[in-house]
Amino acid sequence: GGAGGAGSSGGEDSRHRTREPLRRYWKTALWEMFFDTLLNCPTCDAAVPPPLGNLRRMFEAHIAAQGLGAKLRHGLMKQTIDMYQQIREGKVWLERELQLVGRVGH
C-alpha cells in the first residue's frame with residue numbers, strides 16, 4: 001500500500017487525511033502538508049484553487065537540497081516517452097481523439 005485514497009476521521013470538524021500512513025522513508029512532513037492542503041481545500045470551486053505556491057516552493061527546495069533535479073527530469077522524460085509510445089500503439093487515447101470519435105458516432 002501507499003498513500004492511496006482519502007479518508008476522514010469522523011466528526012463535523014474533522015480533516016480528511018490519507019487512508020494509509022506514509023512510508024517512513026518518504027519526506028513525511030512535506031507529503032503530509034501536500035495531502036492536507038489538497039484534501040482539505042476550503043472550497044471545491046475550480047475558480048478558487050487551493051494555495052499551491054507554498055507547496056511548490058517547499059518541493060522545489062527539497063528537490064534542490066537533495067540534488068534530485070536531474071533524476072526527476074530524467075524520470076519525467078522517460079514517462080513522457082512511454083506515454084507517447086502507448087498512444088502510438090493505441091493503448092491510450094487522447095481526449096481530443098475521444099471527442100473526434102464521439103462526433104463521428106453522432
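Assorted remarks:
- H62 meets each of the listed conditions (1) part of a loop (DSSP other than H, G, I, E, B); (2) in contact (Cβ under 8 Å) with a residue 24 or more places away in the chain apart from (1).
- In the stretch 1-28, residue modelled with the highest pLDDT [restricted to those that are among the hydrophobic types (A, V, I, L, M, F, W, C) and open to solvent by less than 70 Å² (accessible area, probe 1.4 Å)]: L22
- Candidate set from the stretch 65-90 (those that are outside any helix (DSSP H, G or I) and open to solvent by less than 80 Å² (accessible area, probe 1.4 Å)); member that is nearest to E32 (Cα to Cα): L68
The values are calculated or read from the model by the stated rules, or taken from the named source; none is laboratory data. Everything quoted here is computed from the prediction, not taken from an experiment. Please note: Cβ atoms are built from the backbone with ideal geometry, for glycine as well, and neighbour counts cover all protein chains shown. Accessible surface areas use protein heavy atoms only, side chains included; no ligands, DNA or RNA. Shrake-Rupley method; radii C 1.70, N 1.55, O 1.52, S 1.80 Å.
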